[in-house]
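What follows draws every value from the coordinates through simple rules; no lab data is involved. Owing to the predicted nature of the structure, the values given are computational and were not obtained by experimental measurement. We place every Cβ from the backbone using ideal geometry, glycine too, and count neighbours over all the protein chains shown.
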Amino acid sequence: MKYSNNHYCKNCFYPLPYQAKFCAHCGQRDTDGKVRMRDLLIRFWNTTFHLESKFLRMVWQLLIPGKVTIEYFKGKQKRYPHPLQFFLFTMFFLLFYISYQVEKNYKGEQSVIGWNIKFDETKGKLTLLDHIAQNIDSLPPELRTPQQRQAIDSLLRFVEAKENLGMPNKDSIALLSLFSHYQGKFAIKDMLNYPIDTLAKRYHIDHTSDRFLLNQLIKSGRDQKSLIRHYIGTSSWTLLVLIGIMSWYLSFQYRKQKRKYVEHFILLLHMLSGFLFLLFFLTVLKRFLGLPVQPVWAVWWLWLGLFWAFKTYYNLSWKRSVLKWLAFSFVSAICLVLVFVGSLGISLLLF
């Protein structure tokens with residue numbers, strides 16, 4: 001092969017053959033160092049999403065439970081995208097759609113303890129009603145008759161009902177601290193009107209951890225949209241944690257086969273990636289094309305598909321496969337609740 005004495009790879013300085021377009025040592029394209037915007041975008045697209053023919057091949061083969069995992073561990077790894085890369089790719093588009101729906105449904109409103117009402121507007125209305133109620137006694141004596149008082153009270157109740165102010169005006173929310181064993185209820189109206197320091201004094205909260213919990217409770221109540229966005233953003237890592245836990249369980253369940261942990265991890269990762277893709281695909285078909293499909297079909301595919309994946313990948317008898325599949329389903333349901341409740345708790349503390 002003919003080499004040029006002064007033609008080297010700009011990245012690793014490996015000598016390049018005559019008219020070579022790529023370095024045989026590091027794989028970088030032969031370049032003079034200049035980068036076009038088109039080249040930058042193409043490289044970003046290919047590197048980040050890896051949208052090649054193997055991506056489309058993996059998408060449809062993932063819908064055959066266990067097939068991609070079996071092929072992957074037969075050594076045919078180059079023909080498929082990286083399992084984590086594909087999982088994050090499908091998760092990205094699904095979370096993007098969910099975030100879009102959250103923004104669309106809230107329509108600029110903030111949730112006050114579960115009610116989709118505007119925080120500042122609700123606070124102003126409650127203040128006005130309180131101001132009217134407190135100043136009735138300042139009316140002239142001829143207007144402070146029992147009939148007039150009854151009429152004003154009826155009017156205030158009518159306005160309260162019409163403006164959906166009954167719950168924030170009369171109801172309360174409980175705070176249970178695991179740090180100082182504090183238990184108490186806070187009037188929602190007070191949570192709307194007073195800052196955290198004033199609330200802490202009114203309700204005699206002295207412990208620092210209790211003040212922090214109260215602050216997070218108020219934040220989550222006043223702006224649930226931000227909490228939901230934060231929770232959505234952490235769902236990818238939550239699912240990966242769940243996959244990690246259940247992979248350990250599969251290692252125990254199939255310990256006699258002496259398989260490596262990574263095999264169980266990738267099998268579950270492929271199944272969950274297929275579920276996310278199918279869920280997103282069915283949602284798009286139903287939402288934008290109006291086809292008679294249901295996203296819940298993806299859940300059934302995942303549950304039944306796990307059985308088929310276990311049967312084909314671990315190659316046990318039908319009876320043993322069914323028993324292990326049912327045991328896995330039971331344990332995974334418990335872990336799913338624990339992991340997502342824990343994730344929600346962390347989101348409440350950190351968002």
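Once fully extended, how much extra length lies between PHE96 and VAL299, figured as 0.36 nm per residue of separation less the alpha-carbon to alpha-carbon distance? It would help to have the intermediate numbers written out before the result.
Numbers: separation 203, 0.36 × 203 = 73.08 nm, distance 1.97 nm.
That pair, PHE96 and VAL299, stretches by 71.1 nm at full extension.
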To the nearest 0.05, what FRET efficiency results for LYS185 and HIS82 with a Förster distance of 35 Å applied to their C-beta separation? 0.10
For ILE334 paired with GLN216, estimate the spin-label separation in nm (one decimal), with each label point 7 Å from Cα along the Cα-to-Cβ line. 2.6 nm
Estimated distance in nm for a label pair at SER209 and ILE64, the labels positioned 7 Å out from Cα along Cα-to-Cβ: 5.4 nm
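Full extension from GLN147 to ASP130: what is 0.36 nm times the residue separation minus their Cα-Cα distance, to one decimal in nm?
So the extension gain works out to 4.1 nm.
Compute the FRET efficiency between SER138 and ARG259 as 1/(1 + (r/R0)^6), taking r as their Cβ-Cβ distance and R0 = 56 Å, and round to the nearest 0.05. Each step should come with its number before you reach the end.
On the way: r = 81 Å, r/R0 = 1.45.
After rounding to 0.05, the efficiency reads 0.10.
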Under the 7 Å Cα-to-Cβ spin-label approximation, HIS7 and GLU71 lie apart by a distance in nanometres of 3.7 nm
Under 5 Å between amide hydrogens, which residues at least 5 positions from PHE22 or on another chain qualify, with H placed 1.01 Å from N in the peptide plane? ASP30
